[in-house]
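K.L.:
Below you will find the structure I want to go over with you.
The values are calculated or read from the model by the stated rules, or taken from the named source; none is laboratory data. Remember, predicted model here, so these are calculated numbers, not experimental data. Here Cβ is always computed from backbone atoms with ideal geometry, including for glycine, and neighbour counts include all displayed protein chains.
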Amino acid sequence: MTSAPDRSANYCYRHPDRQSFVLCQRCGRTICPQCQTQAAVGVHCPECVKEARGSAPRTKPRIAGAFRSGSGRPVVTWSIIAVSVLVFALQNIPGSPVNTFGVYRPVLTLLLPWTMITSVFLHASILHILFNMYSLFIFGPILERAIGRGRFVALYLISGFGGSVAVLLLNPAGGVLGASGAIFGLMGAFFVIQRRLGGNNIQIIIVIGINLVAGFVIPGISWQAHVGGLLAGAAVAFVYLQTRREAQRWTQVLLVTGIVIALIAITAVRALSF
């Protein structure tokens, strides 16, 4: 004796009046064409589709994921390069005020104090920006991964500021633009960190030496900004190394702030003497 076949199995479980012989690949229920969602293998019913979407891990867009603190991508370095290229493009627009209000001229320090920082993002020629951005591309990612994004931003800007202060002290009648001071700050920091960790410093010493000499012998290069950036970057890196422990976090902040205050004080004293 056999039981009669269950004819309801041949009808959509959501639409009992619609006959179908197609089963959901996951749960095995009968579903009509309206309820079918194509899957990699077979079809799924609406409930299984909803369940799969709810259990799937949510992924952020790749660009958003790159900005996570643990992503390891040097997004600050990339961002500085992008901003510098954009500013260079703006500089070359006829009638653009970028050079007027962005280039650092020591005699205008009290009138345009922000140019001590903005000048770091301006460049005089395509070769100028290509050389500086290539140097940043080489040293930036290494340092950014080593010290973290926030510290890297502080290092870059303070180095650039230090370069402007040196120009104010040593070449007050001149002017300066370009990322060279900040780049030298990165090289100074790299030297200090690598020396502390026991690495071989010969190569970085040669690179720094060649670039410093070039600043003295090639007209139009501000060796003053190079020296100022180098010293400022080395000082910041020294503070980072001496305050690496989590318990010293605020000590590190205070000491780095102290360097900035010292640079501001030197700037104020020198600028007021004009």
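K.L.:
Of all residues being more than 53 Å from the chain's Cα centre (by Cα) and of a type in the set (S, T, N, Q) in region 5-44, which is modelled with the highest pLDDT? Just the residue, please.
P.N.:
Restricting to residues being more than 53 Å from the chain's Cα centre (by Cα) and of a type in the set (S, T, N, Q), the top hit is T30.
K.L.:
While we're looking at this one, here's another question. Among the helices (runs of 4 or more DSSP H) lying completely within region 45-92, list those that include at least 1 residues that are in contact with a His (Cβ under 8 Å, 6 or more places away or on another chain) and either aromatic (F, W, Y) or modelled with pLDDT of 95 or more (or both).
P.N.:
75-91
K.L.:
Take the residues in region 223-274 that are of a type in the set (S, T, Y) and farther than 12 Å from V165 by Cα; name whichever of them is surrounded by the most Cβ atoms within 10 Å (Cβ to Cβ).
P.N.:
So, considering only residues that are of a type in the set (S, T, Y) and farther than 12 Å from V165 by Cα, the one surrounded by the most Cβ atoms within 10 Å (Cβ to Cβ) is Y240.
K.L.:
What residue, of I204, I218, I183, is within 26 Å of the chain's Cα centre (by Cα) and surrounded by fewer than 24 Cβ atoms within 10 Å (Cβ to Cβ)?
P.N.:
Sole residue among the options that is within 26 Å of the chain's Cα centre (by Cα) and surrounded by fewer than 24 Cβ atoms within 10 Å (Cβ to Cβ): I204.
Condition check ((1) modelled with pLDDT of 95 or more; (2) of a type outside the set (A, V, I, L, M, F, W, C); (3) within 19 Å of I80 (Cβ to Cβ)) across all residues:
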| position | (1), (2), (3) |
| --- | --- |
| T109 | yes, yes, no |
| I117 | yes, no, yes |
| I138 | no, no, yes |
| Y156 | yes, yes, yes |
| F190 | no, no, yes |
| R196 | no, yes, no |
| I202 | no, no, no |
| G209 | no, yes, no |
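K.L.:
When region 146-171 is examined, which residues are found to be in contact with a Phe, Trp or Tyr (Cβ under 9 Å, 6 or more places away or on another chain) and farther than 30 Å from A268 by Cα?
P.N.:
A146, I147, listed by residue number.
K.L.:
Which of the residues belonging to region 130-152 are hydroxyl-bearing (S, T, Y) and crowded, with 19+ Cβ neighbours inside 10 Å?
P.N.:
S135
K.L.:
Would you pick out the residues in region 244-257 that are modelled with pLDDT under 95 and closer than 19 Å to F190 by Cα?
P.N.:
R244, the sole residue that qualifies.
K.L.:
Can you say whether A189 is surrounded by 13 or more Cβ atoms within 10 Å (Cβ to Cβ) and within 30 Å of L108 (Cβ to Cβ), as far as the supplied structure shows?
P.N.:
yes
The rows are residues; the columns are (1) touching a residue at least 12 places away in the same chain (Cβ under 8 Å); (2) closer than 16 Å to S159 by Cβ; (3) surrounded by 15 or more Cβ atoms within 10 Å (Cβ to Cβ).
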| residue | (1), (2), (3) |
| --- | --- |
| S84 | yes, yes, yes |
| Q91 | yes, no, yes |
| G95 | no, no, no |
| L112 | no, no, yes |
| I117 | yes, yes, yes |
